[in-house]
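The values are calculated or read from the model by the stated rules, or taken from the named source; none is laboratory data. Everything numeric in this text was worked out from a predicted model, so none of it was measured. Please note: Cβ atoms are built from the backbone with ideal geometry, for glycine as well, and neighbour counts cover all protein chains shown.
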Amino acid sequence: MFNKILIANRGEIAIRIMRACRELNVGSVAVYSEADEKSLYTNYADEKYLIGKADPKDSYLNIEKIIAVANESGAEAIHPGYGFLAENPQLAIEAQKNGISIIGPSPEIIESMGDKITAKKLMKKANVPVIEGTEKGISDVNEAKEIAAAIGYPVIIKASAGGGGIGMRAVYEENEMVRAMESTQELALKNFGDATVFIEKYLEKPRHIEFQILADKYGNTIHVADRECSIQRRHQKLIEEAPSPIMTEELRDKMGGSAVKAAEYIGYNSAGTVEFLYENDEYYFLEMNTRIQVEHPITEIITNIDLIKEQIKIASCEELYYSQSDVVVRGHAIECRINAEDPLADFIPTPGKITGYRSPGGPGVRLDSGIHTNYTIPPFYDSMISKLVANGRNRNEAINRMKRALSEYVILGVKTTIPFHKAIMKNQYFIDGHLHTHFIDEYRKGIE
Ligand code: ADP
């Protein structure tokens with residue numbers, strides 16, 4: 001096991017990783033920007049180092065600086081968390097050069113799964129079902145129109161290098177194609193430095209169902225059950241639950257089997273997630289995320305497996321402790337992402353000072369957060385400030401606990417998504433488990 005791990009991230013996930021380090025008796029090193037000097041996670045760590053200005057490119061995205069701190073502090077490994085450098089193969093390459101381990105897969109795997117076209121091609125070869133569409137980049141509008149006509153509208157144009165729900169656009173008719181191609185290519189270039197886009201069938205009311213993977217360096221690969229993440233806004237998840245309300249043992253074996261096959265085919269060897277879209281009893285590979293995900297706690301709760309500790313152990317060359325039959329799903333867990341955003345004003349970010357704070361508790365409640373009274377949420381980073389998770393023996397108990405926990409949760413001084421989550425928890429369609437990726441759009445239009 002490593003002596004010391006540098007956490008190249010901030011906020012709640014930095015604390016979550018440090019908690020795992022502490023339980024494993026491993027030292028933790030925090031890095032922080034000028035904007036995070038007073039953040040809770042910097043005090044939680046055993047050591048902390050200032051790495052630059054608030055702008056992420058001067059701090060949390062500055063590979064050179066982060067490697068320098070790892071060397072200076074004597075950290076033997078770097079955990080990148082999610083976001084920032086988590087799926088940047090360059091971090092892994094530079095770390096390798098310096099004899100530092102990365103808690104994640106190899107740079108080659110990050111690279112191939114980070115490119116949606118390459119990932120889709122590989123999955124097709126692995127016999128994992130993929131959504132009908134092109135497996136090459138398209139730049140010519142006429143070619144795009146031909147392909148769309150062959151697949152049948154609606155289609156979706158997607159940036160191959162995309163992530164975070166950016167660079168995707170549904171096209172319902174041929175006359176929208178020119179504008180859609182132009183705008184997606186432009187967004188792809190601006191956000192990812194790569195204008196390559198591809199086209200696939202647009203599923204109109206799919207569910208987003210994903211499988212957690214754990215794979216070690218000795219070829220042992222298991223899935224740690226499913227999560228449903230259909231409650232999204234602008235293709236970004238807001239509420240996740242585990243297991244999916246539609247999951248059966250049979251479907252879990254089938255979809256989980258595909259997820260394991262996907263991971264095995266590429267020689268995966270860390271914690272990761274295989275995402276699928278599910279519609280009309282069929283499922284299709286969407287993408288693989290080669291990092292720990294925001295929503296990992298709901299899986300930890302229903303399986304009693306600490307995913308971060310396992311991920312760290314795998315990186316330190318331990319053999320996987322669990323076999324597939326050790327993964328037993330018990331009960332139900334729901335996560336609400338608490339964002340500093342105003343749900344009544346189109347979810348605009350609401351950075352600022354938290355003037356009063358009281359966290360929820362009691363049976364079946366877990367809170368992963370990096371905030372407290374008098375904490376000032378900086379405007380430079382993601383607006384997610386905490387993750388509220390509730391669980392119960394069944395989905396109904398989990399929903400009722402989430403309602404209670406949301407009503408206990410007091411955050412004063414800034415607007416948050418708490419009222420929005422309260423409304424969803426009371427919504428009959430949600431309660432009945434009628435979920436799909438346009439749930440929120442329809443809910444907000446009052447139709448569902
Ligand atoms: P990102 O990498 O930006 O997160 P994903 O490929 O994971 O993008 O897709 C995010 C979300 O976008 C999905 O959960 C789904 O809601 C929507 N989406 C992506 N592809 C399709 C598709 N072919 N049909 C319908 N919805 C899609």
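When segment 415-429 is limited to residues that are surrounded by fewer than 21 Cβ atoms within 10 Å (Cβ to Cβ) and in contact with an Asp or Glu (Cβ under 9 Å, 6 or more places away or on another chain), the one that is nearest to residue 369 (Cα to Cα) turns out to be 415.
Would you confirm, using the coordinates I've provided, whether residue 132 is surrounded by fewer than 17 Cβ atoms within 10 Å (Cβ to Cβ), within 14 Å of the ligand (Cβ to nearest atom) and either β-branched (Val, Ile, Thr) or modelled with pLDDT of 95 or more (or both)? Considered against the rule, which asks whether it is surrounded by fewer than 17 Cβ atoms within 10 Å (Cβ to Cβ), within 14 Å of the ligand (Cβ to nearest atom) and either β-branched (Val, Ile, Thr) or modelled with pLDDT of 95 or more (or both), residue 132 comes out as yes. For residue 129, the criteria (1) of a type outside the set (Val, Ile, Thr); (2) within 15 Å of residue 289 (Cβ to Cβ); (3) in contact with a helix residue (DSSP H, G or I) (Cβ under 9 Å, 6 or more places away or on another chain) hold in every case but one, which is (2). Inspection of segment 31-43 identifies at least one residue that is crowded, with 24+ Cβ neighbours inside 10 Å, modelled with pLDDT of 95 or more and assigned to a strand (DSSP E or B). Of the residues that sit in segment 261-298 and are within 16 Å of residue 215 (Cα to Cα) and among the β-branched types (Val, Ile, Thr), which one is farthest from the chain's Cα centre (by Cα)? Only one residue tops the list, namely 266. A count restricted to segment 221-257 and to residues that are among the hydroxyl-bearing types (Ser, Thr, Tyr), away from the ligand (no atom under 16 Å from the Cβ) and in contact (Cβ under 8 Å) with a residue 12 or more places away in the chain stands at 1. Residues in segment 293-325 that are touching a residue at least 12 places away in the same chain (Cβ under 8 Å) and of a type in the set (Asp, Glu) were compared, and the one that is nearest to residue 240 (Cα to Cα) is 295.
Taking segment 137-164 as the range and being surrounded by fewer than 18 Cβ atoms within 10 Å (Cβ to Cβ), out of contact with any His (no Cβ under 9 Å at 6 or more places or on another chain) and touching a residue at least 60 places away in the same chain (Cβ under 8 Å) as the test, the residues that pass are 137, 163. Before we move on, is residue 263 in contact with a strand residue (DSSP E or B) (Cβ under 8 Å, 6 or more places away or on another chain), among the aliphatic types (A, V, I, L, M), under 16 Å from residue 118 (Cα atoms) and away from the ligand (no atom under 16 Å from the Cβ)? So residue 263 passes the test.
Number of residues in segment 199-220 that are more than 10 Å from the ligand (Cβ to nearest atom) and either crowded, with 22+ Cβ neighbours inside 10 Å or under 18 Å from the mean Cα position of the chain (by Cα) (or both) equals 5. The single residue among 300, 295, 249, 310 that is surrounded by fewer than 20 Cβ atoms within 10 Å (Cβ to Cβ) and either at negative phi or modelled with pLDDT under 95 (or both) turns out to be 249.
For residue 132, indicate whether it is charged (D, E, K, R) and under 20 Å from residue 61 (Cα atoms). No. Would you pick out the residues in segment 362-389 that are touching a Ser or Thr at 6+ places or on another chain (Cβ under 7 Å), in a strand (DSSP E or B) and under 23 Å from residue 57 (Cα atoms)? Hit for segment 362-389 is 385, nothing else.
Taken over segment 1-55, the residue count meeting the criterion of being under 21 Å from residue 297 (Cα atoms) and charged (D, E, K, R) is 6.
Picking from residues in segment 221-237 that are in contact with a Phe, Trp or Tyr (Cβ under 9 Å, 6 or more places away or on another chain), closer than 12 Å to residue 439 by Cα and not aliphatic (A, V, I, L, M), the one that is surrounded by the fewest Cβ atoms within 10 Å (Cβ to Cβ) is 234.
So if I check each of 34, 12, which one is over 22 Å from the mean Cα position of the chain (by Cα) and among the acidic types (Asp, Glu)? Just a single option satisfies the conditions, and that option is 34.
Taking segment 135-167 as the range and being within 12 Å of the ligand (Cβ to nearest atom) and assigned to a helix (DSSP H, G or I) as the test, only 151 passes.
Give the residue that is farthest from the ligand (Cβ to nearest atom), with candidates limited to residues of segment 91-129 that are polar (S, T, N, Q) and part of a helix (DSSP H, G or I). Ranking the qualifying residues of segment 91-129, first place goes to 96.
With respect to being crowded, with 24+ Cβ neighbours inside 10 Å and not basic (Lys, Arg), residue 240 fits the description. Residues that are closer than 25 Å to residue 259 by Cα and either surrounded by fewer than 16 Cβ atoms within 10 Å (Cβ to Cβ) or of a type in the set (Asp, Glu) (or both) within segment 165-182 comprise just one, 165.
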